[in-house]
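Novice: Would you mind keeping the following structure in view while I ask a few things?
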Amino acid sequence: VLSLVGSEMCIRDRISDGIYRISTPVPPSMMPGGFTFNQYLIVDDSPLLYHTGPRKMFPLVSQAIGTVIPVQSLRYICFSHYEADECGSLNDFLETAPAAEPLCSRVAKMVSIDDIAVRPAHALADGEELSLGKHIVRWIDTPHLPHGWECGHLFETTTKTLFCGDLFTQGGHEHEPLTTADILTSSEEMRGAMDYFSQTRHVQPLIEKLAETSPRILACMHGAAWQGDGAELLRQLGKRLAA
């Protein structure tokens with residue numbers, strides 16, 4: 001992926017109160033079919049960035065953040081699991097924002113982040129909440145959903161936004177910032193072509209754990225963010241995975 005990063009544009013859109021989607025499109029000439037890498041910025045007393053993007057995208061992503069808030073003001077750098085597009089430029093952000101901390105699961109802190117990051121991680125336990133000011137985020141452990149035993153997802157309780165990482169990954173490089181259209185079909189086509197799910201035996205209880213938050217927005221890492229009955233869409237995904 002890193003060798004394909006050559007986009008010269010990074011799109012920033014507000015998708016909810018104080019929440020911005022930052023998206024870097026990679027055209028088909030650089031990646032077959034095209035693709036997008038999304039980050040999400042929560043603007044608050046303690047600003048939070050969810051996903052960093054790959055290391056080579058740092059200049060694009062940090063520039064886009066700077067159109068909303070000073071990058072130096074970031075307080076938390078959060079991510080679903082340990083992978084280049086989730087946290088590849090973690091240290092770049094930590095070096096730019098002197099008060100920032102990595103924010104991740106306890107397992108991620110233990111097995112990876114405290115070793116590779118320039119500052120120790122702030123680990124959240126399953127169900128633990130953290131106030132950013134107006135926004136409150138809750139960490140949800142989802143080991144191996146879709147992959148990585150340190151994997152989890154972040155839920156913002158005020159706007160009911162679920163930052164759902166690699167769930168509902170959509171191919172292509174041209175997407176609306178926020179859609180109400182069907183994303184399950186396209187994400188299942190992506191999973192069929194490139195099966196990146198771990199096929200955990202605990203898929204149903206983990207899906208239900210996410211569905212119980214009743215999200216109104218699913219902030220996907222690749223493709224459009226989605227608005228609607230998030231609990232129902234998650235349960236539909238669960239049925240596909242179980243089959």
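The values are calculated or read from the model by the stated rules, or taken from the named source; none is laboratory data. Fair warning: this is a prediction, and the values are worked out from it, not measured in the lab. Here the Cβ is made from the backbone with ideal geometry for all residues, glycine too, and neighbour counts use every protein chain on show. When the accessible area is computed, the model is the full protein with side chains, heavy atoms only, and any ligands, DNA or RNA have been set aside. Shrake-Rupley method; radii C 1.70, N 1.55, O 1.52, S 1.80 Å.
Novice: Scan the stretch 186-203 and report the pairs whose first residue is farther than 11 Å from Q170 by Cα and whose second residue is open to solvent by 90 Å² or more (accessible area, probe 1.4 Å) and basic (K, R), with Cβ atoms within less than 9 Å and a gap of 6+ or a chain change.
Specialist: From residues that are farther than 11 Å from Q170 by Cα, there are no pairs.
Novice: How many residues does the stretch 227-243 contain that are among the acidic types (D, E) and in a helix (DSSP H, G or I)?
Specialist: Restricting attention to the stretch 227-243, the residues satisfying the condition of being among the acidic types (D, E) are 229, 232.
Now restrict to residues that are in a helix (DSSP H, G or I): 232.
The number of residues fulfilling the criteria is 1.
Residue by residue, here is whether (1) under 21 Å from C104 (Cα atoms); (2) touching a residue at least 40 places away in the same chain (Cβ under 8 Å); (3) of a type in the set (D, E, K, R) holds:
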| position | (1), (2), (3) |
| --- | --- |
| E156 | yes, yes, yes |
| T159 | yes, yes, no |
| L162 | yes, yes, no |
| E176 | no, yes, yes |
| D182 | no, no, yes |
| L210 | yes, yes, no |
| A219 | yes, yes, no |
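Novice: When you look at C151, is it surrounded by 23 or more Cβ atoms within 10 Å (Cβ to Cβ) and touching a Cys at 6+ places or on another chain (Cβ under 8 Å), yes or no?
Specialist: For C151, the condition - surrounded by 23 or more Cβ atoms within 10 Å (Cβ to Cβ) and touching a Cys at 6+ places or on another chain (Cβ under 8 Å) - is not met.
Novice: Here's another thing I want to ask about it. Modelled with pLDDT of 95 or more and over 23 Å from P47 (Cβ atoms): does that describe P143?
Specialist: yes
Novice: May I ask you to list the residues in the stretch 25-49 that are surrounded by fewer than 23 Cβ atoms within 10 Å (Cβ to Cβ) and in contact with a Gly (Cβ under 8 Å, 6 or more places away or on another chain)?
Specialist: P25, V26, P27, P28, M30, G33, G34, V43, D44, D45, S46 - these are the residues of the stretch 25-49 that are surrounded by fewer than 23 Cβ atoms within 10 Å (Cβ to Cβ) and in contact with a Gly (Cβ under 8 Å, 6 or more places away or on another chain).
Novice: Continuing with the same structure: Do we find that R14 is farther than 16 Å from E95 by Cβ, charged (D, E, K, R) and open to solvent by 20 Å² or more (accessible area, probe 1.4 Å) in this structure? Steps first, answer last, please.
Specialist: Numbers: farther than 16 Å from E95 by Cβ: yes; charged (D, E, K, R): yes; open to solvent by 20 Å² or more (accessible area, probe 1.4 Å): yes.
For R14, the condition - farther than 16 Å from E95 by Cβ, charged (D, E, K, R) and open to solvent by 20 Å² or more (accessible area, probe 1.4 Å) - is met.
Novice: For the stretch 182-226, which residues satisfy the criterion of being assigned to a loop (DSSP other than H, G, I, E, B) and in contact with a Phe, Trp or Tyr (Cβ under 8 Å, 6 or more places away or on another chain)? So that I can check it myself, show each step before the final result.
Specialist: Of all residues in the stretch 182-226, those assigned to a loop (DSSP other than H, G, I, E, B) come to 182-183, 194-202, 212-216, 220-224.
I183, T213, P215, C220, M221, H222, G223, listed by residue number.
Novice: Hey, any hits in the stretch 217-225 for a residue that's surrounded by fewer than 20 Cβ atoms within 10 Å (Cβ to Cβ) and over 20 Å from T52 (Cβ atoms)? Write out each step before concluding.
Specialist: So the first thing to find is which residues in the stretch 217-225 are surrounded by fewer than 20 Cβ atoms within 10 Å (Cβ to Cβ), and the list is none.
There is no residue in the stretch 217-225 that is surrounded by fewer than 20 Cβ atoms within 10 Å (Cβ to Cβ) and over 20 Å from T52 (Cβ atoms).
Novice: Let me ask another. Looking only at residues that are aliphatic (A, V, I, L, M) and in contact (Cβ under 8 Å) with a residue 60 or more places away in the chain in the stretch 92-144, which one is surrounded by the most Cβ atoms within 10 Å (Cβ to Cβ)?
Specialist: Residues of the stretch 92-144 aliphatic (A, V, I, L, M): 94, 97, 99-100, 103, 107-108, 110-111, 113, 116-118, 121, 123-125, 130, 132, 136-137, 140.
With in contact (Cβ under 8 Å) with a residue 60 or more places away in the chain added as a condition, the list becomes 132, 137, 140.
Values: L132: 19, V137: 25, I140: 23.
Among those residues, the one meeting the criterion is V137.
Novice: With the condition kept exactly as written, say whether any residue in the stretch 51-69 is in contact with a Cys (Cβ under 6 Å, 6 or more places away or on another chain), buried (at least 19 other Cβ atoms within 10 Å of the Cβ), modelled with pLDDT of 95 or more and outside any helix (DSSP H, G or I).
Specialist: Yes.
Novice: Pick from the stretch 155-203 the residues that are loosely packed, with under 15 Cβ neighbours inside 10 Å and basic (K, R): which of them is nearest to L234 (Cα to Cα)?
Specialist: K160
Novice: Restricting attention to the stretch 70-81, and to residues there that are in contact with a Pro (Cβ under 8 Å, 6 or more places away or on another chain) and outside any loop (DSSP other than H, G, I, E, B), which single residue is surrounded by the fewest Cβ atoms within 10 Å (Cβ to Cβ)?
Specialist: The residue in question is Q72.
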